[in-house]
């Protein structure tokens, strides 16, 4: 009788662990590389602002800085798209993302607007955001490739006029 009770308890424990792992929200890891739009050099920061699924809440604590200067972003499995920005000067100023810069030729976009990227694309094949800040010659010089699970984007510091608008 004791053996049967032990087996039942063990079986119930295994079922609870299995069901708990199925119900738990899984997460995906994305490696972030933020590059200077003019030089192509990595900008190492831990001050990223991540938004998911067109939400207004910026998650500043989701990215952990890696030793090589890249960032490690843990994204909830339920998220479908993301937008990333970064700050500098003690979090008082935000870098201008070059994927939304006016130089990209899109008349409906202006500096400061967020562009959204599919997380499934980032995880499957990697994504390199466009560099609309560097000028044609600078952009042609960079041959940036993203690995699966990697998101690469270009930034520049804000001009004095842009800082005044903020």
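Read-outs: derived from the displayed coordinates by stated rules, not from any lab. Note that this is a predicted model, so its numbers are computed, not measured. In this analysis, Cβ positions are derived from the backbone assuming ideal geometry, glycine residues included, and neighbour counts consider all displayed protein chains.
If I take R0 = 25 Å and measure r between the Cβ atoms of residue 114 and residue 67 in this structure, what FRET efficiency does the formula 1/(1 + (r/R0)^6) give, to the nearest 0.05? Intermediate values should be presented prior to the final figure.
Working: r = 29 Å, r/R0 = 1.14.
The calculated FRET efficiency here is 0.30.
Would you kindly calculate the mean projected area, averaged across all directions, of the convex hull enclosing the Cα atoms of region 26-160, in square nanometres? Please list the in-between numbers first.
On the way: hull surface 33.3 nm².
Average projection, Cα convex hull of region 26-160: 8.3 nm².
Considering the zone a paramagnetic label at residue 78 would reach in this model (a point 7 Å from Cα along the Cα-to-Cβ line), which residues of region 35-71 have amide N under 20 Å from it?
Those under the cut-off are 50-63.
Residues in region 113-132, backbone N under 13 Å from the label point at residue 144 (7 Å along the Cα-to-beta-carbon vector): list them, ranges by number please.
127-132
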